[in-house]
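Q: Let me give you the structure first, and then I'll get to my questions.
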């Protein structure tokens with residue numbers, strides 16, 4: 001039994017409950033490998049687990065869903081990975097650690113040409129963009145879409161990817177600086193929701209037609225306005241709730257506003273099988289290697305300063321991807 005360091009939650013609350021402590025690290029078990037993280041992705045889902053909005057499976061709990069690193073040891077039965085392999089994952093709790101054991105079913109190999117830092121910054125956010133644009137609603141040249149939080153980690157990837165698919169891409173942001181950034185990353189029109197009525201502006205830029213699909217990770221603050229941006233028979237995709245959960249959602253609203261469709265997807269349902277995971281990851285790697293999508297790491301924090309990182313994320317001080325770096 002060796003020792004490593006990890007961020008451990010013993011209860012829910014503010015950033016102060018994130019404790020950076022020494023923990024035991026046993027040898028990898030059956031079908032596991034041990035990896036040393038090079039970088040860890042920060043995501044709003046980590047905040048949801050910290051606050052208790054999402055219930056952790058147990059306490060104490062090591063949060064974090066996304067990271068990349070190098071395989072340092074193999075457990076019994078592992079034949080598809082080797083010591084020294086560069087790997088990444090999204091979806092397995094426990095990423096907020098210097099080293100960890102993880103089942104190989106969660107891992108993909110990082111191709112040459114993509115750094116471990118880039119991989120850590122894009123796995124959860126990039127695969128989320130992949131399934132949203134290609135599976136939840138298949139975006140193409142005839143599509144007009146609205147993406148909230150356009151300058152966020154998923155938003156900057158989705159804007160470029162949607163543009164590469166030929167779509168007309170509208171985004172919302174909370175500041176003029178973020179608007180300028182979104183325009184550099186594929187968006188045709190960007191709306192500052194703090195100074196403009198986003199529903200009225202979407203109607204204006206779409207010629208009164210509305211959009212085919214709204215991708216909404218904001219939640220309470222953008223509902224029901226998101227529904228009012230949709231065409232008849234359009235789709236509302238609620239994939240997050242950074243401002244709080246949507247309350248009192250009434251199905252009859254969908255009929256009243258044009259026989260709309262609504263879905264609440266999660267990445268983990270879309271990569272539940274090994275084949276789905278590898279297909280999704282490979283599509284992401286391909287679009288990044290082709291330079292159609294750039295991954296922007298705009299903030300890095302030492303892992304020991306994870307509380308500060310959470311504070312900045314919740315205050316909407318971050319743009320693009322944020323990494324936690326183990327020391």
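Q: For a distance above 39 Å, tell me the whole-number percent of Cα pairs in the chain that qualify.
A: On the way: 6895 of 53301 pairs.
For the chain, the share of Cα pairs beyond 39 Å comes to 13 percent.
Q: In square nanometres and to one decimal, what's the mean projected area of the convex hull around the Cα atoms of segment 203-290?
A: Values: hull surface 30.6 nm².
Mean projected area for segment 203-290: 7.6 nm², to one decimal.
Q: Please state the Cα pair-distance histogram of segment 141-264 with 10 angstrom bins from zero: what percent is in each bin?
A: 14, 49, 32, 4
Q: Sticking with this one: Please order 196, 142 by the number of other Cβ within 10 Å, starting at the fewest.
A: Details: 196 15, 142 9.
So the residues, fewest neighbours to most, are 142, 196.
Q: Next up: Roughly speaking, what is the stretch gain from residue 250 to residue 105, that is 0.36 nm per residue apart minus the C-alpha to C-alpha distance, in nm to one decimal?
A: Contour length minus the Cα-Cα distance gives 48.4 nm.
Q: Then there is this: Take the alpha carbon atoms of segment 25-85, find their center, do the same for segment 114-157, and report the distance between the two centers in whole angstrom.
A: Comparing the Cα centres of segment 25-85 and segment 114-157, I get a distance of 23 Å.
Q: Considering only 136, 144, 168, give the residue with the highest GNM mean-square fluctuation for the chain, with springs between Cα atoms whenever their separation is below 10 Å.
A: Per the Cα network of the chain with a 10 Å cutoff, 136 tops the list.
Q: Now for a separate question. Calculate log10 I(q)/I(0) of segment 63-211 for q = 0.19, 0.21 Å⁻¹, where I(q) comes from the Debye formula with a single equal point scatterer on each Cα and nothing for solvent.
A: -1.06, -1.19
Q: In addition: Would you mind computing, in nm to one decimal, how far apart the modelled labels at residue 275 and residue 175 are, each placed 7 Å from Cα along Cα→Cβ?
A: Placing both labels 7 Å along Cα→Cβ, they lie 4.6 nm apart.
Q: Next up: At a 10 Å Cβ-Cβ cut-off, how would you order 212, 312, 19, fewest neighbours first? Don't skip to the end; give the middle numbers.
A: Details: 212 21, 312 16, 19 13.
Ranking 212, 312, 19 by Cβ neighbours within 10 Å, fewest first, gives 19, 312, 212.
Q: Give the distance, in whole Å, between the Cα centre of segment 213-265 and the Cα centre of segment 271-306.
A: When both Cα centres are located, 27 Å separates them.
Q: Let me ask something else. Compute the length gained on full extension between residue 286 and residue 164: take 0.36 nm times their separation in residues and subtract their Cα-Cα distance, giving the result in nm to one decimal.
A: Details: separation 122, 0.36 × 122 = 43.92 nm, distance 1.26 nm.
The residue 286-residue 164 span can extend by a further 42.7 nm.
Q: Something else now. Return the calculated 222 nm mean residue ellipticity for the chain, to the nearest 500 deg cm²/dmol, obtained by summing -39500 (n - 2.57) across DSSP H runs with n ≥ 4 and dividing by the residue count. Before the final figure, lay out the partial values.
A: Working: 10 runs with 91 residues, N = 327.
Calculated at 222 nm, the ellipticity per residue is -8000 deg cm²/dmol.
Q: Can you pull the one-decimal nm distance between simple spin-label points at residue 31 and residue 142, each 7 Å off the Cα toward Cβ?
A: 4.3 nm
Q: Turning to a different aspect of this structure: Above 22 angstrom, tally the Cα pairs of segment 242-327 and express them as a % of all pairs, no decimals.
A: Working: 2195 of 3655 pairs.
Result: 60 percent of Cα pairs exceed 22 Å.
Q: Moving to a separate point now. Could you work out how much longer the chain between residue 197 and residue 259 gets when fully extended? Use 0.36 nm per residue separation minus the Cα distance between them, nm to one decimal. Write down the numbers at each step before the final one.
A: Working: separation 62, 0.36 × 62 = 22.32 nm, distance 2.36 nm.
Using 0.36 nm per residue and subtracting the Cα-Cα distance, I get 20.0 nm.
Rule-based calculations on the coordinates, nothing more; no lab input. As the structure is a computational prediction, the values presented were derived from the model and not from experiment. Cβ atoms come from the backbone with ideal geometry, glycine included; neighbour counts cover every protein chain shown.
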